[in-house]
Each structure stands twice: as structure tokens, then as C-alpha cells.
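Okay, structure first, notes after.
The values are calculated or read from the model by the stated rules, or taken from the named source; none is laboratory data. Predicted model, so just to flag it, every value in this text is computed and none were measured. Cβ placement follows ideal geometry from the backbone for every residue including glycine, while neighbour counts extend to all protein chains displayed. Surface accessibility is based on the protein's heavy atoms, side chains included, excluding ligands, DNA and RNA. Shrake-Rupley method; radii C 1.70, N 1.55, O 1.52, S 1.80 Å.
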Amino acid sequence: AQTVTQSQPEMSVQEAETVTLSCTYDTSESDYYLFWYKQPPSRQMILVIRQEAYKQQNATENRFSVNFQKAAKSFSLKISDSQLGDAAMYFCAYRIPRTGANNLFFGTGTRLTVIP
Amino acid sequence: EPEVTQTPSHQVTQMGQEVILRCVPISNHLYFYWYRQILGQKVEFLVSFYNNEISEKSEIFDDQFSVERPDGSNFTLKIRSTKLEDSAMYFCASMRDGSYEQYFGPGTRLTVT
């Protein structure tokens, strides 16, 4: 069974500082995708960053980067130079690339507060 | 930028009643999904829909649930006889063919009393 665990229900960071959100997952698959989604208050979830399991290089999108440790089944998100607009719920998610399905398995989320 | 929309934003219903939650996916997307999130719990997959049929469903998606794409734009989730435990936020998502990214709607909060 696929499970995704986010052990930090809440995190806070000072504006302009760096914060790391943790995520671990459990799977027997060798090929899969990992995602971080952001859900601002009263807004829809949007994709922040994704990582393909076959890629060794960690994904980076501007101020967002991941630390993907396949052997440890760990996928953390680092937000650099935090901004007030980064305040949101962050969900780690996983899926198997399979034709016709592609459903996501989510963690319970981490609520990030950015302190001015 | 195109967005997935959902209506209503909040639905209150009595136990045993039928509800229909509506979604308008992004127009050129071919994969459609429903997820739900019970308050304080994780987002859970319910069902995926592709080529006018269910492609996968979870254990949650029992006979009380059904999905439909009645026309070229809407994608609906029907719960035939709601239970208290159906109270949750329901998210619709869509994805275009060949992509990895699911686009989510803002959700419908369903409250069953």
C-alpha cells in the first residue's frame, strides 16, 4: 500500500529565511512521481514542484527545491527566501505512472506560517 | 489562466438525502478526478474518470457514489443517500493527456446533518 507521511503538522518561518518541510513515503514501486502541492487559505491546490523517481538530480523551481532520497524514501521541500505569500498548507503527494489512473496519494499536510 | 471550478462552495444536507456536486474541468483536459478531505485528515482519492468511464476507484467509492459527465463541460459526483461521515471537503481535479499535473478546483464543503 502506498502511504505518504508528513510528520510536521505546523511549521513557521521568518520572512526571508529558509524552511524545510519533511515528507516520507512507502512504496514497493520503482517508478513513480512525487509532488508538493500548495493550498493557500480558501484557494485551490496548486502544484509547486515535482520529482520523477528515476531522476537522481533534485528538482528546483525558483525558490523551491527538493531533497529526494530514494533509498530512504524521503522527499523534503525547501523554501528559500520565504515570502508572506508562501503561507499555506503544503501537501506531499505520490503517484504511480499508470495509464488511465494516475490518482494521487496525499500526506496529511503541513501548515506553514510566515512571520513578517 | 483556465481553472477548474466547483459548485456549490458549501452544501448543507440532511442525512439520507441525495447530493450532486458539480465541477467544470479545464476544457482540453481528458482525465477527471474526485478527492475528499475529512476535516483534519488527509486528502483521499475517490475516483478517476477517463474516456467516459471510471478508470479507477478507491474503497471509499462504494455504491452510494456515482460520477457522470453529462455534457462536454460538467463532471458531477452524486452521493445517493448521504451519511454523517460523508461530511468533508470534496475536490475535483482534471489533467490533460500526456501531462503529470492535476489541476484542482477550490472544493465543495459538504456538511451532512
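In this structure, B:Ile60 and B:Asp97 have a Cβ-Cβ separation that, at R0 = 22 Å, corresponds to a calculated FRET efficiency of about 0.25.
Springs between Cα atoms under 10 Å define the GNM used for chain B, and in it the highest mean-square fluctuation of B:Tyr33, B:Tyr50, B:Tyr103 occurs at B:Tyr50.
Electrostatic bookkeeping for A:Phe64 treats Lys and Arg as +1 and Asp and Glu as -1; over the other residues with beta carbon under 12 Å from its beta carbon, the sum is +1. For the peptides B:14-22, A:44-52, B:38-46, the ranking by mean Cβ contacts within 10 Å, running from highest to lowest, is A:44-52, B:38-46, B:14-22.
Residue separation of A:Asn58 and A:Asp81 scaled by 0.36 nm, minus their Cα-Cα distance, works out to 6.4 nm of gained length. Relative contact order of chain A, taken over Cα pairs closer than 8 Å and 6 or more residues apart, is 37 percent. Summary of the geometry: the stretch A:41-116 and the stretch B:77-112, compared by the centres of their Cα atoms, lie 20 Å apart. The listed residues B:His10, B:His29, once ranked by accessible area (1.4 Å probe) with the largest placed first, stand as B:His10, B:His29. In this structure, the pairs whose alpha-carbon distance is over 26 Å, taken from A:Lys73/B:Lys42; A:Lys55/B:Lys57; A:Lys73/B:Lys83, are A:Lys55/B:Lys57; A:Lys73/B:Lys83. Accessible area per residue (1.4 Å probe, heavy atoms of protein chains only) ranks A:Lys55, A:Lys73 as A:Lys55, A:Lys73, with the largest value leading.
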